[in-house]
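Notes to accompany the following structure.
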Amino acid sequence: MRKHWTAATIGLALLIASGLAGAGARAQEADDQEAPKPVVTTPYDQSLLRLSEILGAIHYMRHLCDSDEGGLWRDQMQALLDADQADPARRARFIDSFNRGYESFKAVYRTCTPAATTAISLYMDEGARIARDVVARYGRQE
């Protein structure tokens, strides 16, 4: 079953990248250079923020539980950021969510416990579900 979770979650950013590349980065440019740029939001922002938080938590927990994945989950987050092509403020929101997920689990878990492995499983399932749902609802229709 662990292979199922890993296979489902390794493709999170790839699913998003293929279905949403650049969608969050496209805002209309203001004619007046002095006017502040509008905050770019999308209908799936909350889902991607949650996914970012999940990736941060998994990144910490999988390392804690001696996985041999290295920076896989940080790389997944980078792929999500690259696909979104966000402006600096939007990018910072996603990075903050990733770091919040990482730090919140770091504050609670110091060793790999049965509860930690259960949390990993639940987060991997939730992350995979979010990725599928976002792509199914908002992916490009080409």
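Every read-out reported here was derived from the displayed coordinates using simple, explicitly stated rules and does not represent laboratory data. Since the structure is predicted, the reported quantities are computational estimates derived from the model, not experimental observations. Cβ placement follows ideal geometry from the backbone for every residue including glycine, while neighbour counts extend to all protein chains displayed.
Overall, the anisotropy analysis places the range 79-129 in the oblate class: the square-rooted eigenvalues a ≥ b ≥ c of its C-alpha gyration tensor yield a/c not less than 1.5, with a/b not exceeding b/c. Extension gain for the segment Asp133 to Ala79, taken as residue separation times 0.36 nm less the Cα-Cα distance, is 17.7 nm to one decimal.
The distance between label points at Asp96 and Arg110 comes to 3.0 nm (points 7 Å beyond Cα on the Cα→Cβ vector). Under the simplified labelling scheme, the Ala89-Asp68 pair shows an inter-label distance of 4.6 nm, with each label point 7 Å from Cα along Cα→Cβ.
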